[in-house]
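So the structure is just underneath, and the comments pick up after that.
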Amino acid sequence: MPKEEDEVTYFERLRTIIRQHATEPDWITATVVEPGFLHRELGSKISGFLLAMNEGYWLVFEPDEREYYCFLGVDRNNLGAHGVCGNPLYCWWE
């Protein structure tokens, strides 16, 4: 969290940015890469519904686990999942 913002302002700004970059739900896939996840093997695939994207950040909801993931990359056919999952505000970096 930036030092110049309080917690409430910071998280509200993240929510606003996610809304601004919201997409139509679309099914996308990424490959698990370093540092990976405890519950997934490196090289395995994660698929889910794309919710928002901006400049290489892809916020995805994986419905079987009911988990949000951050995929990274500029080519939707070659995305990486680098170990970031959980709260959608945590998954979205700005």
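A short reminder: the numbers here are calculations on the coordinates, not readings from a lab. These figures come from a predicted structure and were not determined experimentally. Glycine gets a Cβ as well: all are built from the backbone with ideal geometry, and neighbour counts include every protein chain shown.
Confirm whether residue 14 is closer than 23 Å to residue 62 by Cβ and touching a helix residue (DSSP H, G or I) at 6+ places or on another chain (Cβ under 7 Å).
When the stated conditions are applied, residue 14 passes them.
From the set of residues in segment 60-72 that are out of contact with any Cys (no Cβ under 6 Å at 6 or more places or on another chain) and either at negative phi or hydrophobic (A, V, I, L, M, F, W, C) (or both), which is surrounded by the fewest Cβ atoms within 10 Å (Cβ to Cβ)?
Ranking the qualifying residues of segment 60-72, first place goes to 64.
Just one of (1) touching a Lys or Arg at 6+ places or on another chain (Cβ under 6 Å); (2) within 17 Å of residue 90 (Cα to Cα) trips up residue 54, so point out which.
For residue 54, the failing item is (1).
For (1) exposed (fewer than 12 other Cβ atoms within 10 Å of the Cβ); (2) in contact with a Phe, Trp or Tyr (Cβ under 9 Å, 6 or more places away or on another chain); (3) not acidic (Asp, Glu), each residue gets a yes or a no:
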{"position": "16", "(1), (2), (3)": "yes, no, yes"}
{"position": "21", "(1), (2), (3)": "no, yes, yes"}
{"position": "38", "(1), (2), (3)": "yes, no, yes"}
{"position": "41", "(1), (2), (3)": "yes, no, no"}
